[in-house]
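Take a look at the structure set out below.
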Amino acid sequence: MLESLINGIKLVNFTSLDTKEIKMIYNWRNNPKIARYMINKSIEWNEHIRFIDTLSSSNDKIYFLAYKDDLAIGVISFVNISKGSCEFGIYASPDLRGMGDLLMEVVVDYAFNRLCVKEILAKAFMDNLRAITLYKKFEFNIIKKDKDMVYFSRQWGGVGLNIPIFCQERLLA
């Protein structure tokens, strides 16, 4: 099983999910609480399965189901992954509250310390005030706005932060 453990949160790669997990994510993704903030408001089952199948051959995106203990708490994705940057997405289980901080801690840690990027990008619909507030709380800066979206960036860096050894070669190349 392809998984990682970050800050007590287990990340299970979508490519190794079982049928029950795939169905749960499909139901979450089409739940009105989550779907209203997605670009594609609804997805069909076959589309969902095809998408997961494409992930095994993709080099520029990775999706995880996040668990706290044995409870599935949300989904974290990284897309447009390059040497310098990636864009993330998150959503929590529609039945849970207060998972945003946990998921964001994992996003920042994974992007900077596993993907070794220098910049993390994100976007949120203008009316998604919870996401906008959460991203700002985690030191993401607004870099652009249009009529529908707010775009964010967070650069790697900070006083006392050391680049992990395994990232140094990639970042300096």
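The values are calculated or read from the model by the stated rules, or taken from the named source; none is laboratory data. These numbers come from a predicted model, not from an experiment. Ideal geometry is used to build each Cβ from the backbone, glycine not excepted, and the neighbour counts take in all protein chains shown. When the accessible area is computed, the model is the full protein with side chains, heavy atoms only, and any ligands, DNA or RNA have been set aside. Shrake-Rupley method; radii C 1.70, N 1.55, O 1.52, S 1.80 Å.
How about segment 80-163: which strands (runs of 3 or more DSSP E) wholly inside it have at least 1 residues that are in contact with a Phe, Trp or Tyr (Cβ under 7 Å, 6 or more places away or on another chain) and among the polar types (S, T, N, Q)?
141-145, 149-155
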Selection status of residue 25, touching a Leu at 6+ places or on another chain (Cβ under 7 Å), in contact (Cβ under 8 Å) with a residue 12 or more places away in the chain and assigned to a helix (DSSP H, G or I) = yes
Residue list for segment 40-73, filter: β-branched (Val, Ile, Thr) and not in a loop (DSSP other than H, G, I, E, B) | 49, 52, 54, 62, 73
Please list, ordered by first then second residue, the pairs with beta carbon atoms under 8 Å, 6 or more apart or interchain, first in segment 33-59 and within 21 Å of residue 15 (Cβ to Cβ) and of a type in the set (A, V, I, L, M), second part of a loop (DSSP other than H, G, I, E, B) and open to solvent by less than 90 Å² (accessible area, probe 1.4 Å).
-> 52/17; 55/61
Take the residues of segment 110-127 that are open to solvent by 20 Å² or more (accessible area, probe 1.4 Å) and under 11 Å from the mean Cα position of the chain (by Cα): which is modelled with the lowest pLDDT?
-> 110
State which residue pairs qualify: first residue open to solvent by 40 Å² or more (accessible area, probe 1.4 Å) and inside segment 96-107, second residue charged (D, E, K, R) in any location, beta carbons under 7 Å apart, and separation of 6 or more residues or different chains.
-> 102/68
Segment 1-53, subset open to solvent by 50 Å² or more (accessible area, probe 1.4 Å) and touching an Asp or Glu at 6+ places or on another chain (Cβ under 7 Å), residue modelled with the highest pLDDT = 10
